[in-house]
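Student: After the structure tokens below, expect a handful of questions from me.
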Amino acid sequence: MELSTNARRVLEKRYLKKDEDGNPIETPEDMFRRVAENVAQADKNYNNKADVKRRAEEFYQLMTNLEFLPNSPTLMNAGRELQQLSACFVIPIEDSMSSIFDAVKNTALIHKSGGGTGFSFSRLRPKDSPVKTTKGVSSGPISFMTVFDAATETIKQGGTRRGANMGILRVDHPDILDFIKCKEKEHKLNNFNISVALTKKFMDALENNTEYDLIDPYSKKSVKSLLAKEVFDLIVKYAHKNGEPGIIFLDKINEHNPTPKVGEIESTNPCGEQPLLPYESCNLGSINLSKMVKEDEKKIDYEKLGRVVDLAVGFLDNVIDMNNYPLEIIGKMTKANRKIGLGVMGFADMLIQLGIPYNSEKGIKTGEEVMKFIHDKAQANSAQLAKERAPFPNFKGSIYDNGKSEPLRNATTTTIAPTGTIGIIANCSSGIEPLFGICFIRKVMDKNELVEVNPYFEKIAKKEGFYSEDLMRQIAEKGTLHGIKEIPSNIQKLFCTAHDITPEWHIKMQAAFQKYTDNAVSKTVNFPHDATCEDVKKVYLLAYKSGCKGVTIYRDGSREEQVLYLGLKKKEEKEVRTPRPRPTVTKGITQKVTTGCGNLYVTINEDEKGPCEVFSQMGKSGGCAASQSEAISRLISLSLRSGIDIEAIIKQLKGIRCPSPSWQKGGMVLSCPDAIGKAIEKYMTNGLGTTTSLKKITPTKLSAGIYPECPECSELLELVEGCAVCRACGYSKCW
């Protein structure tokens, strides 16, 4: 197999079978063989004479050629004990404690199996509503979201991958203003993406600059009216601030609900691309469009693409039968509608091979044509499967049951899903996103820097004669080709990145793919740091008018952990403070301080640069108080020799209280740490030391990347499709 180094690393870390010591016991080829043979077994359910061996070989070649890959749970679990193969689930939450905590339990089971969950909290009564059974008041949807978040945080380490949630609240819920602001503080509800479900009534009120009603979900009565513009502006304000909440157009989604008689769609999966009925699940897979080009002719190979679509639809339909569902009701609902979500990845790579800039009318037209072909071919294949295996059980009464359309095997066939980790395996661009960057600088084990270059750009640069290591490094640090005079203008236009493209072009591309996608499209609309709230508002309205089912935006630098530099160079460079060595000989003084625990002796020594170490001694060594004071002293000494401002150290220590304060000449001593802080302060202010001034070590700050670093491997994180993804190790998380 032609797997990149990163792909093999990700597979070994997250997908391959391992022994008890965590060592892989299968190769990537073994994994694909395991998956292919398992999924092919479903053919026997419909034909005892089915050539399962041949079918397994077709699936194997499809995946090992990196032409199509299913969602991660299928790769991880097919042919293994868990056998849970779906990525997306929606769990309903009714207005009762039993329903809420049943949902928490079900969420834990799903996350443990590798799936993500979406919820609508819109049925829960607002906070401070009376509760008849207890004579108390309701705490409201947001308080219960924290319960789900805590459960996800607790069980995520035990699962095959990190759990993720989508929390949705209708815009007409009485708690909507609190919901919009619920992720105002970073590091709160970290395991949730949140989206406001906008209704047609709300959008009409927005257009007409009128009020709309807030409806109590319990009483079904209007409790208040709000000016739609003010609510919309608040959504925009917080999305501009840190990317959340996103928005979904709920009535637009339900216009395309294939089974309206079965139920109303209330929620989506965590990244918003898969609207589902309560207790529904969906399995997804993506075609690698970078493999569907006749590069010499600069043409799309539609014959090959058609073959891949046919195989992929059959694969995903088989997954429904081979799946071990975490709840019986989920299995029943999923098999009744048999939704699949075939999507794409590598679209930006395809455009580059075709010589078409992403942000061009030709680029938009190409996206629309490709997705129309895939959608039409997928539906034709689903119709053929319906003849061979029967239509989906809820076909009667569905939108297809009109006497004109052929019966289908699957209620939906297409979805544009995030492809963060499977895109790494396929070594292609994510979903329908533009390129994240052209060149990256990475550290290798011997601490040398290695410049990684997009293979298509490297090939053209060498062919056109402008390739050099120095130029590639310059591009990595700048983060864009634009304005680099050595690069021809046509190549600058072709290799545009997410940061070079205006938000309007992002929406145009999303709308082009949505036009021929049954479900929805996962995409991030990138904004520059200096974008205004008005810019965000325009894009939201454009998305609504363009037929999108939802929008996720991200303004560069809008989160605390981001560092605001243009370059896409890997973030090294937190300040690294290396402590200076302790000299062989130091000199200093010892102070006696009376504390509530006894006499504390604080010794402060210095070298030629000032104070360099602190010792504190109380009672006999080995006691609890002695061990704690020793630990504090060691950390202070390390800080002093690392150049930490001594006033900052004093500030941290002084004022810490314990149950046994004491009085001594000069005032009260609140605790042992307080005593150490005061002793250091006295040393500095009363001239007890021998140096007249302090010399502080100022470490060199190196440039940092736009995006935060991966918490697992410290490489660059990409924020795309509603996820933060590390292409080096496969780490992913909702943001």
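The values are calculated or read from the model by the stated rules, or taken from the named source; none is laboratory data. Note that this is a predicted model, so its numbers are computed, not measured. Positions of Cβ are generated from backbone atoms using ideal geometry, with glycine treated the same way; all protein chains shown enter the neighbour counts. Each accessible area value is taken on the protein alone, full model and side chains, heavy atoms only, with ligands, DNA and RNA left out. Shrake-Rupley method; radii C 1.70, N 1.55, O 1.52, S 1.80 Å.
Student: Just how large is the dipole of the chain about the Cα centre, in debye to the nearest 20, putting +1 at every Lys and Arg Cβ and -1 at every Asp and Glu Cβ?
Tutor: That gives a dipole near 1340 debye.
Student: A follow-up question, please. If you average the sequence gap of Cα pairs under 8 Å that are 6 or more apart and divide by the length of the stretch 414-567, what percent do you get for the contact order?
Tutor: In percent, rounded to a whole number, it is 24.
Student: Give me the percent of the accessible area of the chain that comes from carbon and sulfur atoms, probe 1.4 Å, all protein chains in place.
Tutor: 50
Student: While we're here: Express the relative contact order of the stretch 28-124 as a whole percentage, based on alpha carbon pairs under 8 Å and six or more residues apart in sequence.
Tutor: 23
Student: To continue, here is another question. Could you run the Karplus curve 6.51 cos²θ - 1.76 cosθ + 1.60 with θ = phi - 60° over the stretch 653-658 and give me ³J(HN,Hα) per residue in whole Hz, x for Gly and Pro?
Tutor: 7, 5, x, 5, 10, 10
Student: Kindly identify the stretch 112-221 as rounded, prolate or oblate by the Cα gyration tensor criterion: order the square roots of the eigenvalues as a ≥ b ≥ c, call it rounded if a/c is under 1.5, otherwise compare a/b with b/c, prolate if a/b is larger, else oblate.
Tutor: oblate
Student: Treat each spin label as a single point 7 Å out from the Cα along the C-beta direction, and report the residue 25 to residue 335 distance in nm.
Tutor: Taking the simple label geometry, residue 25 and residue 335 are separated by 3.1 nm.
Student: How much length is gained if the chain between residue 295 and residue 209 is pulled fully straight, taking 0.36 nm per residue apart and subtracting their Cα-Cα distance, in nm to one decimal?
Tutor: Separation in residues times 0.36 nm, less the Cα-Cα distance, equals 25.8 nm.
Student: Let me ask something else. Amide H neighbours of residue 116 under 5 Å, counting only residues 5+ apart in sequence or on other chains, H built in-plane at 1.01 Å?
Tutor: Answer set, sorted by chain and number: 88, 89.
Student: What does the C-alpha gyration tensor say about the overall shape of the chain? Classify as rounded when a/c is under 1.5, otherwise prolate if a/b is larger than b/c, or oblate.
Tutor: Here the chain falls in the prolate category.
Student: Given a Förster distance of 30 Å, report the FRET efficiency between residue 361 and residue 484 from their Cβ-Cβ distance, rounded to the nearest 0.05.
Tutor: E between residue 361 and residue 484, to the nearest 0.05, is 0.70.
Student: A follow-up question, please. What is the P(r) of the stretch 1-144, as percent of Cα-Cα pairs per 5 Å bin from 0?
Tutor: Result, from short to long distances: 2, 9, 14, 15, 13, 11, 9, 8, 7, 6, 4, 3, 1, 0 percent.
Student: Still on this structure, please answer the following. Of the chymotrypsin sites (Phe, Trp or Tyr not before Pro) in the stretch 269-329, which ones lie in a loop per DSSP and count no more than 13 other C-beta atoms within 10 Å?
Tutor: Hits after loop and neighbour filter: nothing returned.
Student: Please list, in chain and number order, the residues 5+ apart from residue 68 or on another chain whose amide H is under 5 Å from its amide H, with Hs placed from the backbone.
Tutor: 288
Student: Can I ask one more? Figure the gain on full extension for residue 51 and residue 473 (residue separation times 0.36 nm, minus the Cα-Cα span) and round it to one decimal in nm.
Tutor: 146.6 nm
Student: OK, next. What number in nm² do you get for the stretch 94-141 if you take the convex hull of its Cα atoms and divide its surface by four?
Tutor: 3.4
Student: I would also like to ask the following. Please compute the contact order of the chain in relative form: average sequence separation of alpha-carbon pairs under 8 Å and at least six residues apart, divided by the residue count, as a percent.
Tutor: Computed value for the chain: 12 percent relative contact order.
Student: Could you run the Karplus curve 6.51 cos²θ - 1.76 cosθ + 1.60 with θ = phi - 60° over the stretch 42-48 and give me ³J(HN,Hα) per residue in whole Hz, x for Gly and Pro?
Tutor: So the Karplus estimates, Gly and Pro as x, are 5, 4, 5, 5, 10, 7, 4 Hz.
Student: Can you work out the FRET efficiency for the pair residue 237 and residue 328, with r the C-beta to C-beta distance and R0 = 35 Å, to the nearest 0.05?
Tutor: 0.20
Student: How far is the Cα center of the stretch 172-223 from the Cα center of the stretch 347-385, in Å?
Tutor: Measuring centre to centre over Cα atoms gives 35 Å.
Student: Quick check for you: with a 1.4 Å probe and neighbouring chains kept, what is the accessible area per residue of the chain, in Å²?
Tutor: 44
Student: For the pair residue 538 and residue 647, how long in nm is the line joining their label points, each one 7 Å along Cα→Cβ?
Tutor: Reported label-point gap for residue 538 and residue 647 is 4.6 nm.
Student: At 7 Å along Cα-to-Cβ for each site, give me the label-to-label distance between residue 585 and residue 94 in nm.
Tutor: Those two pseudo-labels are separated by 8.3 nm.
Student: Which of the trypsin sites (Lys or Arg not before Pro) found in the stretch 71-180 are loop residues per DSSP with 15 or fewer other Cβ atoms within 10 Å of their Cβ?
Tutor: 80, 127, 132, 135
Student: On to the next question. Roughly speaking, what is the stretch gain from residue 131 to residue 224, that is 0.36 nm per residue apart minus the C-alpha to C-alpha distance, in nm to one decimal?
Tutor: 31.5 nm
Student: Can you list which of the trypsin sites (Lys or Arg not before Pro) found in the stretch 481-544 are DSSP loop residues with at most 13 other C-beta atoms within 10 Å?
Tutor: Listed in order of number, the matching sites are 485.
Student: Aspartates and glutamates within cross-link reach of residue 299: Cα-Cα under 14 Å, excluding same-chain residues under 8 positions apart?
Tutor: 349, 369
Student: Moving on to the next point. Gap in Å between the Cα centre of the stretch 389-464 and the Cα centre of the stretch 226-270?
Tutor: Each part reduced to its Cα centre gives a spacing of 24 Å.
Student: For the stretch 204-257, rounded, prolate or oblate, judged on the Cα gyration tensor with a ≥ b ≥ c (square roots of eigenvalues), a/c < 1.5 rounded, else prolate if a/b > b/c?
Tutor: Cα axes put the stretch 204-257 in the oblate bin.
Student: Given 221/241; 127/185; 18/377, which pairs have Cα atoms separated by over 31 Å?
Tutor: Over 31 Å apart, Cα to Cα: 221/241; 18/377.
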